[in-house]
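The values are calculated or read from the model by the stated rules, or taken from the named source; none is laboratory data. Owing to the predicted nature of the structure, the values given are computational and were not obtained by experimental measurement. Cβ placement follows ideal geometry from the backbone for every residue including glycine, while neighbour counts extend to all protein chains displayed. These accessible areas exclude ligands, DNA and RNA; they are computed on the full protein's heavy atoms, side chains included. Shrake-Rupley method; radii C 1.70, N 1.55, O 1.52, S 1.80 Å.
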2 protein chains.
Amino acid sequence: MHIEMICTGEEVLSGQIVDTNAAWVAQRLLDTGLEFHSRITVGDRMDDLVAAFSNRAGRADVVLVNGGLGPTIDDLSSEAMAIAMGAELVLHQGWLKTMTDWFEKNGRVMPDSNIKQAMLPAGAVMIDNPVGTACGFRVLWQGTWFVFTPGVPSELKKMVDDEILPWLVRDFSITSPSQLYRLLTTGRGESALAEQLGQVALPDGVDLGYRASLPYIEIKLMRRGEISEERWLKLIDDIRVALGDSWLGDNVYNVAEACHQLLLEQGKTVVTAESCTGGMVASNLVDIAGSSAYLLGGWVTYSNQAKQQELGVGANTLAEYGAVSMQVAVEMAQGALQKLDSDIAISITGIAGPDGGTEDKPVGTVAFALAHRGGYVAQILRVGTKRHGRDGIRKLSATVALDMIRRHLRDEPLLADYGFFKRIDSNQG
Amino acid sequence: MHIEMICTGEEVLSGQIVDTNAAWVAQRLLDTGLEFHSRITVGDRMDDLVAAFSNRAGRADVVLVNGGLGPTIDDLSSEAMAIAMGAELVLHQGWLKTMTDWFEKNGRVMPDSNIKQAMLPAGAVMIDNPVGTACGFRVLWQGTWFVFTPGVPSELKKMVDDEILPWLVRDFSITSPSQLYRLLTTGRGESALAEQLGQVALPDGVDLGYRASLPYIEIKLMRRGEISEERWLKLIDDIRVALGDSWLGDNVYNVAEACHQLLLEQGKTVVTAESCTGGMVASNLVDIAGSSAYLLGGWVTYSNQAKQQELGVGANTLAEYGAVSMQVAVEMAQGALQKLDSDIAISITGIAGPDGGTEDKPVGTVAFALAHRGGYVAQILRVGTKRHGRDGIRKLSATVALDMIRRHLRDEPLLADYGFFKRIDSNQG
């Protein structure tokens, strides 16, 4: 099935906003077994829109159009389609009523500018939008179904999930994967991962894809139904084994999410003691609703004064080993653990750059320690170089720190072999 | 000048990665006075690439192509262009030597797969890439200049800035803006801002644009040179005044950056005491190299236990007013201020949602306090609703918190009228 996308809007074409809608729709379609053939992005000019629609008519089975359905003067998608088709715009009474009712319910009068949102090209099928005033619609022209969707991400997503994907699957007899399984990894690049996974036989009926978003690469398995449950589960197992220490979790979007589930299950508490990550680790946990069940608190001991005063790090330790050392990391973690009587404490102290590096400890040198009621594990790694940038090094460090917590909760060795990150030293007590 | 872009790569088309290159190039061109007419995104199939190139030849003055210049089997841009043109691929000796030398210098032998990166369509002009093995190139076909650029963002950016933009400006006599001025805002949407700015007369020779990236909207002024310095400065002033309390700073990308400069200038120190923002505020400051000059430390007092134990918040205060209250925010800030003897302390305690809201204090209710050596200012706002999501409410809260610091440093009223955010109550002491 030949499906294309047309993204409209000056703000998208000119890069004022990054086109996350296009990426989301493409991924969603891929999950359903559909691949976009191509994508065109145009601005808000009537000529360009009419030309784009006319150009693709008869060349694709489906063209998904995004944007231009609002009530303002820049919103031209309906009208452009009518012009391209040589059709009239017809008032959709049902949608007009839906909009008027909604305004009334909110104690307002519908502005006249919204009326155009109920004007659809003759012959169009209205697509419901329960969370906005821009209804979608689809219309068949020259053998091509043009499907119009709103630009607001939340409205687009709901319409695609609730209305458009089911219609596509049904009317075009798409064999969607009956199951989608995601494995999250870090520490190795796509080619290295592909090499590792090369050893695993991929049976017919399963497709494999990669999605990269620093610091992770997500591996997607799409099951198309022709394999047994037993074979499917074995495949997932084999892949997990092949991924080795790069594997972070199944069907989670980040390592904090992986920790979240384990922390809730085990009823354990956690505190954070951060220096260069500056609050990022705590923030990643607070990102997840329900983290108050286990996150007692955290420190950002950015200065040596704060490390000593707040977490009891020894002046001698700092003087002898330096702020970026396993010894200081251990004292930070133990200090945090004791202060709030937590089950687990994680500490990070490193050099995010671009300044601060020395020959002995270049930018990207980061020390970690996980302390718990029974002892501690510490390590000092090169998580990156200047090339990764300050933000990159902090993100990678936060990932390692959270992975140490994850491994501790799973009773696995905390010192992993990631590939990217070089261990300089380690310690336990 | 009619310029278009062709983005290549399965990972971009399928949404595995979001196309940030396209947005960056478009914005960079806009800054130079050039607007893209349209953008096409295709995958890695030879047919599609050849068709895309053939399709646009003769229709545009310049087509900028991104991606497909690597050494792997999926990298087809050079070959596809040669096929489209009906030309031979010719070995560029100079580039081959550059690559071989680079590998040698790094103690390696160049793999044969890299040789294709020196094979350019006959007639192409090589474009240098000092930070990668993929040289760019431009070639004229049917009156259209096709310009090929690498997909790696850092390499693309350097090539565009150092080679391609200067060539475009020169060869196509582009009148670039002689100056670009950016004003950062928060708290009002684009239409509200446009209304406020409607009162300001925009002289000929100046273009105005908006760039939205939650929680900010950036206003871009592009000076095209035909106005006096005096008129230009007055315009900037008028706009700043018209923006009112939405204005955060000039030529900064976020409010933390605005604070950074002021903190360095004034030699003041700061500490953070966060609950719902969970470390985000501290992290925003640590984002900026050099923040160790003023950030002494921070707390993430996520539990009431941590608030009392670490910052000395009174059990009575918590019992009487609740964790999300100005009173608790004030005690958090004062506790933090005293512990590390800081000049400034900022605290945030609120309900990020989706759970935790009550009729009295719904999701999005957030209390802030800024304490300094001379007193404090506190406020409790509705920064958003459930609709903004947990992440959105935390980001908006962090923005308000940092803006309080910024205003304090500028000796301006801390209680601003943003538009979006509704103040419920305020207090000072």
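A few notes on this one:
- Strands (runs of 3 or more DSSP E) enclosed by segment A:99-204 - at least 3 residues per element that are out of contact with any Leu (no Cβ under 6 Å at 6 or more places or on another chain) and more than 20 Å from A:Val63 (Cα to Cα): A:179-186
- So B:Lys268, is it farther than 29 Å from B:Ser191 by Cα, among the charged types (D, E, K, R) and open to solvent by 40 Å² or more (accessible area, probe 1.4 Å): yes
- Qualifying residue in segment A:161-182 (condition: under 26 Å from A:Tyr216 (Cα atoms), open to solvent by less than 10 Å² (accessible area, probe 1.4 Å) and touching a Lys or Arg at 6+ places or on another chain (Cβ under 8 Å)): no
- The set of residues from segment B:391-429 being open to solvent by 40 Å² or more (accessible area, probe 1.4 Å) and of a type in the set (D, E, K, R) comprises B:Asp391, B:Lys395, B:Arg410, B:Asp411, B:Glu412, B:Asp417, B:Lys422, B:Arg423, B:Asp425.
- Selection of first residues in segment A:252-278 that are among the aromatic types (Phe, Trp, Tyr) and of second residues that are modelled with pLDDT of 95 or more, restricted to Cβ pairs under 8 Å at least 6 apart or on distinct chains, gives the following pairs, ordered by first then second residue: A:Tyr253/A:Leu184.
- A:Gln261 being at the interface with chain B (Cβ under 9 Å from one of its Cβ atoms), outside any strand (DSSP E or B) and of a type in the set (S, T, N, Q): no
- Taking the criterion of being within 7 Å of chain B (Cβ to nearest Cβ) and assigned to a helix (DSSP H, G or I), the residues of segment A:299-308 that qualify are A:Gln305, A:Ala306.
- B:Gly244 in contact with an Asp or Glu (Cβ under 8 Å, 6 or more places away or on another chain) and either modelled with pLDDT of 95 or more or open to solvent by 20 Å² or more (accessible area, probe 1.4 Å) (or both): yes
Quick grid of which residues meet (1) within 20 Å of A:Tyr253 (Cα to Cα); (2) assigned to a helix (DSSP H, G or I):
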site	(1), (2)
A:Leu381	no, no
A:His388	no, yes
A:Gly392	yes, yes
A:Asp403	yes, yes
A:Arg407	yes, yes
A:Leu414	no, no
A:Tyr418	yes, no
A:Arg423	no, no
A:Ser426	no, no
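- Unique match (being of a type in the set (D, E, K, R) and surrounded by fewer than 24 Cβ atoms within 10 Å (Cβ to Cβ)) among B:Glu257, B:Glu274: B:Glu257
- Taking segment A:7-22 as the range and being touching a residue at least 12 places away in the same chain (Cβ under 8 Å) and either within 10 Å of another protein chain (Cβ to nearest Cβ) or more than 30 Å from B:Lys220 (Cβ to Cβ) (or both) as the test, the residues that pass are A:Cys7, A:Glu10, A:Val12, A:Leu13, A:Ser14, A:Asp19, A:Thr20, A:Asn21, A:Ala22.
- Any hit, segment B:23-31, residues being closer than 30 Å to A:Asp31 by Cα, among the polar types (S, T, N, Q) and either facing chain A (nearest Cβ under 7 Å) or part of a strand (DSSP E or B) (or both): no
- Matching option when the condition is in a helix (DSSP H, G or I) and surrounded by 24 or more Cβ atoms within 10 Å (Cβ to Cβ), among A:Leu296, A:Leu285, A:Leu233: A:Leu285
Residue-by-condition table, conditions (1) closer than 21 Å to A:Gly290 by Cα; (2) open to solvent by 20 Å² or more (accessible area, probe 1.4 Å); (3) among the aromatic types (Phe, Trp, Tyr); (4) away from every other protein chain (no Cβ under 14 Å):
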{"site": "B:Tyr321", "(1), (2), (3), (4)": "no, yes, yes, yes"}
{"site": "B:Val328", "(1), (2), (3), (4)": "no, no, no, yes"}
{"site": "B:Gln338", "(1), (2), (3), (4)": "no, yes, no, no"}
{"site": "B:Ile346", "(1), (2), (3), (4)": "no, no, no, no"}
{"site": "B:Thr349", "(1), (2), (3), (4)": "yes, no, no, no"}
{"site": "B:Asp355", "(1), (2), (3), (4)": "yes, yes, no, no"}
{"site": "B:Thr365", "(1), (2), (3), (4)": "yes, no, no, yes"}
{"site": "B:Ala371", "(1), (2), (3), (4)": "no, no, no, yes"}
{"site": "B:Lys386", "(1), (2), (3), (4)": "yes, yes, no, no"}
